[in-house]
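Heads up: the structure comes next, in structure tokens.
The values are calculated or read from the model by the stated rules, or taken from the named source; none is laboratory data. Because the structure is predicted, anything quoted here is derived from the model rather than measured. Here the Cβ positions follow ideal geometry from the backbone for every residue, glycine too, while neighbour counts run over all protein chains shown. Ligands, DNA and RNA are excluded from the accessible area calculation, which covers all protein heavy atoms including side chains. Shrake-Rupley method; radii C 1.70, N 1.55, O 1.52, S 1.80 Å.
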Amino acid sequence: CFCLGKIPVVPAFTGTMFKLFLFVAVSLCSIQCKTIRPTLVSLDGHSTQLPRGKPLMAYTAHQSLSSRIYWMHSNGTAILAWDYGDVDLADLSVFNGKLYVAEAFEPSVLNIDLHSGNATEFIQDWALTVFYNVANDRRHFYVKEAALFRFTLEGKEAGSAQFPQEYTNGATWDGQYLWTLGDTETKNANVIRAFDIKDWPHVHEKRHLSFKPPSQLCQGLWWDGHAFWTAEDGDGYIKSIYKFTKNGTVLQSWNEPVFNGWAVVNITIP
């Protein structure tokens, strides 16, 4: 978080005016740099920490006024959950062994500490309205709102590009293209699409690579180097997590631990 560098020095401010200015600046800083400390929920009856060195699944879900990250073994068995309260956690991304999640309410991208679960604001821009996606191409982070916005690895905005997709419920990078899950009209026509962003800020869609996700209820998108991952929004019903190929062939599926899921990634805790 680099908010301290954003407080300007204004020599003309003196006395009460300066104190008021400093109070407002520090308050904004604390908002920008806030950390959410979750409540631990053990799901197997004994686990309070995540196992290290083993592949796990992280899964976001939102019920009522509670948003959680659920953790599961690779066979789908639930381990524990971190409850973040009244936020709206959506798409997930992994970069350099770290977990990032889009928080739609503010909107922001949170960096999740893999040992404590603490969520610290990494990207936050009050000029934006809402976004449900986050991706990383190892040089920049990307979120789709009214346009496609790019941020540096330090979380600073680095420009935007026009983008044809209106609803983007997931995004990921496969080493060549930015892939998105969403539609231009309704979620009932969900499509996974590929975009060439090398000519930034000009974005070129690769229409011949588009395909349908395993289900029209899918939200969130993650590429693990070999396959895509997504999760269904069951809207009160337990649905599925999918691992699938670039032509939509399902390689493996698991029952979600709860309903109203959003996104899933696979990650190993160091």
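Pairs please, first residue from the range 119-136 and at pLDDT below 85, second anywhere and open to solvent by 50 Å² or more (accessible area, probe 1.4 Å) and part of a strand (DSSP E or B), Cβ atoms under 9 Å, 6+ apart in sequence or on different chains.
These pairs meet every condition: D125/E157; A127/E157.
To keep it simple, each residue is scored yes or no on (1) open to solvent by 20 Å² or more (accessible area, probe 1.4 Å); (2) within 15 Å of A104 (Cβ to Cβ); (3) part of a loop (DSSP other than H, G, I, E, B).
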position: V130; (1), (2), (3): yes, yes, yes
position: R139; (1), (2), (3): yes, no, yes
position: G155; (1), (2), (3): no, no, yes
position: A158; (1), (2), (3): yes, no, no
position: A171; (1), (2), (3): no, yes, no
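What is the one condition in (1) touching a residue at least 60 places away in the same chain (Cβ under 8 Å); (2) within 21 Å of E145 (Cβ to Cβ) that H202 does not satisfy?
H202 satisfies all of (1) touching a residue at least 60 places away in the same chain (Cβ under 8 Å); (2) within 21 Å of E145 (Cβ to Cβ) except (1).
Collect the residues in the range 90-101 that are under 14 Å from V143 (Cβ atoms) and either of a type in the set (V, I, T) or touching a residue at least 60 places away in the same chain (Cβ under 8 Å) (or both), keeping them in residue-number order. Walk me through it before giving the result.
Filtering the range 90-101 for residues under 14 Å from V143 (Cβ atoms) gives 90-93, 95, 100-101.
If the condition is that a residue be under 14 Å from V143 (Cβ atoms) and either of a type in the set (V, I, T) or touching a residue at least 60 places away in the same chain (Cβ under 8 Å) (or both), then A90, D91, L92, S93, V101 are the ones that fit.
Considering only residues that are at pLDDT below 95 and of a type in the set (F, W, Y), which ones fall in the range 149-171?
The answer is F163, Y167.
Scan the range 247-260 residue by residue and report those that are assigned to a loop (DSSP other than H, G, I, E, B) and without any contact (Cβ under 8 Å) to a residue 60 or more places away in the chain.
If the condition is that a residue be assigned to a loop (DSSP other than H, G, I, E, B) and without any contact (Cβ under 8 Å) to a residue 60 or more places away in the chain, then N247, G248, T249 are the ones that fit.
Go through the range 55-77 and give me each residue that's open to solvent by 30 Å² or more (accessible area, probe 1.4 Å) and modelled with pLDDT of 95 or more.
P55, R68, H73, S74, N75, T77
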